[in-house]
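Please read the structure below before turning to the comments.
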Amino acid sequence: MYDTLRFWIERGDIKDPFKVLPYLTDVVEHNSEKRGYYCSGRLGDFVVNCNQIGVSLCGSLAKYFLPSNVYTLTRRTTQEAIEKMSDEFHFDMLSAYLKRIDISTIIPTKLTPSAYYSRLGDKPRFERLQTHADTLYYSQRQRQLAFYDKTKEANAKGAEIPASLEGCNLMRYEIRLLSSPNRLLKTPGPINGADLVNANFYYNLVQVWKHLRILQ
């Protein structure tokens, strides 16, 4: 269910944000007038940025843990993925805060996904944007609903498709909480990695995805 996530670790929780650099690949130092000194690198699919105030990690949890994000994470595999991140990053990612959460899965369709876009209509307070034939977005500043042809995207990128779905029309449906997911989901406090594997939180997100509650 989860795809792109943006984790944030406060300096007070990690003490020295730069101590994670030995666990990253492709490490690069930066020094800009706007952002000051910081370092970037990668942890699998995640892009990691470290500066004096903390560490951010942004990437697809599904791509990090599964053969590709054509596969869908369950609550159990989400927990296994976060445990793997914690081991590789030498930090308990269950305590890291979430600044972005994408909820998504694959829907096999009889026709190509684009055949259904005209029937989805408009949504109040959202901008409907079809950038090309295979992709449809409904956007606001902090959230976005996306539909696109996952078969075409996977084939273009050489991503692995499960044997059970080979040759099928696959529609990707995502709700992207681009910032402040705790405010959008009306949680009593910040969301962290432990919430992602909490049964009640996970169930509520499935309902958001299923009923478009975040778009009301």
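The values are calculated or read from the model by the stated rules, or taken from the named source; none is laboratory data. Fair warning: this is a prediction, and the values are worked out from it, not measured in the lab. Ideal geometry is used to build each Cβ from the backbone, glycine not excepted, and the neighbour counts take in all protein chains shown. Surface accessibility is based on the protein's heavy atoms, side chains included, excluding ligands, DNA and RNA. Shrake-Rupley method; radii C 1.70, N 1.55, O 1.52, S 1.80 Å.
Some notes on this structure:
- Applying the criterion of being farther than 21 Å from Y203 by Cβ and hydroxyl-bearing (S, T, Y) to the residues of segment 63-82, the residue that is farthest from the chain's Cα centre (by Cα) is S68.
- Residues that are part of a loop (DSSP other than H, G, I, E, B) and either under 29 Å from G158 (Cα atoms) or within 21 Å of the chain's Cα centre (by Cα) (or both) do occur in segment 43-53.
- Set Y148, Y117: member being open to solvent by less than 70 Å² (accessible area, probe 1.4 Å) and either in contact (Cβ under 8 Å) with a residue 60 or more places away in the chain or part of a strand (DSSP E or B) (or both): Y148
- Where a residue in segment 52-77 is closer than 16 Å to I106 by Cβ and its partner, wherever it lies, is β-branched (V, I, T) and modelled with pLDDT under 95, with Cβ under 6 Å and at least six apart: V70/I161; T72/T105
- Of all the residues in segment 6-23, those that are open to solvent by less than 20 Å² (accessible area, probe 1.4 Å) and over 28 Å from I175 (Cβ atoms) number 3.
Okay, residues lined up against (1) open to solvent by 70 Å² or more (accessible area, probe 1.4 Å); (2) part of a strand (DSSP E or B):
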residue	(1), (2)
E83	yes, no
I107	no, yes
R125	yes, no
R128	yes, yes
L136	no, yes
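- In segment 167-192, the residues that are farther than 30 Å from E153 by Cα and part of a loop (DSSP other than H, G, I, E, B) never reach a residue that is of a type in the set (V, I, T) and modelled with pLDDT under 95 with C-beta atoms less than 8 angstrom apart, at least six apart or across chains.
- Between D26, D3, the distinction of being among the acidic types (D, E), open to solvent by less than 80 Å² (accessible area, probe 1.4 Å) and either over 14 Å from S86 (Cα atoms) or outside any strand (DSSP E or B) (or both) belongs to D3 only.
- Residue ID - least open to solvent (accessible area, probe 1.4 Å), chosen from residues in segment 183-210 that are closer than 14 Å to S104 by Cα and in contact with a strand residue (DSSP E or B) (Cβ under 6 Å, 6 or more places away or on another chain): L205
- Y37 in contact (Cβ under 8 Å) with a residue 60 or more places away in the chain, open to solvent by 70 Å² or more (accessible area, probe 1.4 Å) and over 29 Å from I106 (Cβ atoms): no
- Counted residues, segment 44-75 - those being hydrophobic (A, V, I, L, M, F, W, C), in contact with a strand residue (DSSP E or B) (Cβ under 8 Å, 6 or more places away or on another chain) and buried (at least 18 other Cβ atoms within 10 Å of the Cβ): 9
- Qualifying positions in segment 133-169 - touching a helix residue (DSSP H, G or I) at 6+ places or on another chain (Cβ under 6 Å) and β-branched (V, I, T): I161
- Checking each residue in segment 151-164 for being among the hydrophobic types (A, V, I, L, M, F, W, C) and open to solvent by 80 Å² or more (accessible area, probe 1.4 Å) picks out A156, A163.
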